[in-house]
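Just so you know, all these numbers are worked out from the coordinates, no wet-lab data involved. Treat the numbers as computed from the prediction; the structure is a model and nothing was measured. In this analysis, Cβ positions are derived from the backbone assuming ideal geometry, glycine residues included, and neighbour counts consider all displayed protein chains.
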Amino acid sequence: MIELEKIKEQFLSEVNGKKLSRSDWERIHTKYIGRKGLITDATIQLKDLPKEQKPQFGKVLNEVKSFVEEKLGEIKEELLKSEDALQEHFDFTLPERKQFVGHTHPLTQILDEIKSIFYGMGFTVADGPEVELDYYNFEAVNIPKDHPARDMQDTFFFSDNVVLRTHTTPVQARMMEKHKPPIRIICPGRVYRKDTPDATHLPVFNQVEGLVVDENVTFADLKGTIGTFVHRMFGKEIGTRFRPSFFSFTEPSAEVDISCIFCKGKGCRVCKNSGWIEIMGSGMVNPKLYEYAGYEKGRYSGYAFGMGVERIAMLAYDVNDLRLFLENDIRFLRQF
Ligand code: DAH
């Protein structure tokens, strides 16, 4: 009997004023009225008791048992209620909260696309320094000191001999100085010009240079390569036009125009009603550059081209202000 009272007291001390979890409840349930629980145990003891003690013990046992069962029942109900309440905090009809997954910058996406088109035509990527010697930036690509072509490129000078490269063309000179033909490279990279930023100018921008040198390379190869690039980049229906121009590192030189991707050549605001948009400079490598590289005279020919990555991106994405690419406004960037 005393034992039964003790069991009841112990039980009360475990449940009264306690905040029980579902697993606490399971544990207590097992401890008292489970198959090997204390009360179940006491029930088994009942049959070994002397006959005269049985009725009294049985009565108390039943009382304790019902008490424990009732209490556990109440606690369970409370538990279920609070679990329900908890569930009410979740409105399963709400749209999911989206995790924002970032992506590469639109300029990087365009650059990757340009690279992959040229990889497909057998080009590899070459690299060169952004802080460049005057020699490679100008001299070795046939822009001697005092040449008027220097005026076309407002330059950041570190000293008389060191500049921030104004174009990726110096990589041509470095490449040819180190390697004999065949050469088939593109060189993407940052270039610098002393320009005030506006919708179409930035003091820092990106170019992709191309250089192919081998025996018997002709202007037709240049046209084929650029025509293929334009088709893959802008679509099969876009035409290419070569317009005579001047670059001291190519002879002859040409600007490459594409038929306007917005009006398909009919004439609109973007192409200034001409139906054409300029996208890059190009030409046959000036033999002067082979002299600088120390190549055998008359043996090689080649072509080169250079384009602005931002310019291609503006056309591909129909963005009318270059500065948007640098402001890194997430609302702008998310659109790509
Ligand atoms: N370097 C020229 C520029 O920055 C672009 C260019 C034109 C590169 C013609 C070339 C080329 O390789 O052949 O304006």
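Sort through P95, P50, P148 and tell me the only one that's surrounded by fewer than 10 Cβ atoms within 10 Å (Cβ to Cβ) and within 16 Å of the ligand (Cβ to nearest atom). Break it down into steps so the answer makes sense when it comes.
Numbers: P95 fails: within 16 Å of the ligand (Cβ to nearest atom); P50 fails: within 16 Å of the ligand (Cβ to nearest atom).
One residue alone meets the criteria, P148.
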Check: For residues in segment 170-183 being within 14 Å of the ligand (Cβ to nearest atom) and surrounded by fewer than 23 Cβ atoms within 10 Å (Cβ to Cβ), which is farthest from P144 (Cα to Cα)?
Finding: I183
Next item on the list: Write out, first by first residue and then by second, each pair whose Cβ atoms fall under 6 Å of each other, whose residues are 6+ apart or on separate chains, and whose first residue, in segment 129-145, is over 13 Å from K288 (Cβ atoms) while the second is part of a strand (DSSP E or B) and of a type in the set (G, A, S).
Entry: none
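Only residues that are touching an Asp or Glu at 6+ places or on another chain (Cβ under 7 Å), more than 22 Å from V125 (Cβ to Cβ) and surrounded by 16 or more Cβ atoms within 10 Å (Cβ to Cβ): list them for segment 282-300, please.
Kept after step one, since they are touching an Asp or Glu at 6+ places or on another chain (Cβ under 7 Å), are these residues of segment 282-300: 283-284, 286, 293, 299-300.
When the remaining residues are screened for being more than 22 Å from V125 (Cβ to Cβ), the result is 284, 286, 299.
Correct list: M284, N286.
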Notebook entry, point to check: Any residue in segment 112-125 that is touching a residue at least 60 places away in the same chain (Cβ under 8 Å) and within 19 Å of L289 (Cβ to Cβ)?
Noted result: yes
Next item on the list: Could you list, in sequence order, all residues of segment 139-153 that are charged (D, E, K, R) and outside any loop (DSSP other than H, G, I, E, B)?
Entry: E139, R150, D151
Checklist line | segment 154-169 - residue that is closer than 11 Å to Y135 by Cα and part of a loop (DSSP other than H, G, I, E, B) and, of those, farthest from the ligand (Cβ to nearest atom) | finding: D160
Note to self: Quick check on L322: is it surrounded by 14 or more Cβ atoms within 10 Å (Cβ to Cβ), within 16 Å of the ligand (Cβ to nearest atom) and farther than 16 Å from H167 by Cβ?
What the structure shows: yes
Check: When segment 114-138 is examined, which residues are found to be out of contact with any Leu (no Cβ under 7 Å at 6 or more places or on another chain) and part of a loop (DSSP other than H, G, I, E, B)?
Finding: G120, M121, G122, F123, A126, D127, G128, P129, F138
Note to self: The conditions are (1) within 33 Å of the chain's Cα centre (by Cα); (2) surrounded by fewer than 19 Cβ atoms within 10 Å (Cβ to Cβ), and T218 fails exactly one of them. Which is it?
What the structure shows: (1)
Notebook entry, point to check: Looking only at helices (runs of 4 or more DSSP H) that fall completely inside segment 1-100, which ones have 2 or more residues that are among the hydroxyl-bearing types (S, T, Y)?
Noted result: 22-33, 38-46, 54-88
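Grab the strands (runs of 3 or more DSSP E) fully contained in segment 191-292, keeping just those with 2 or more residues being within 16 Å of the ligand (Cβ to nearest atom) and touching a Cys at 6+ places or on another chain (Cβ under 8 Å).
204-214
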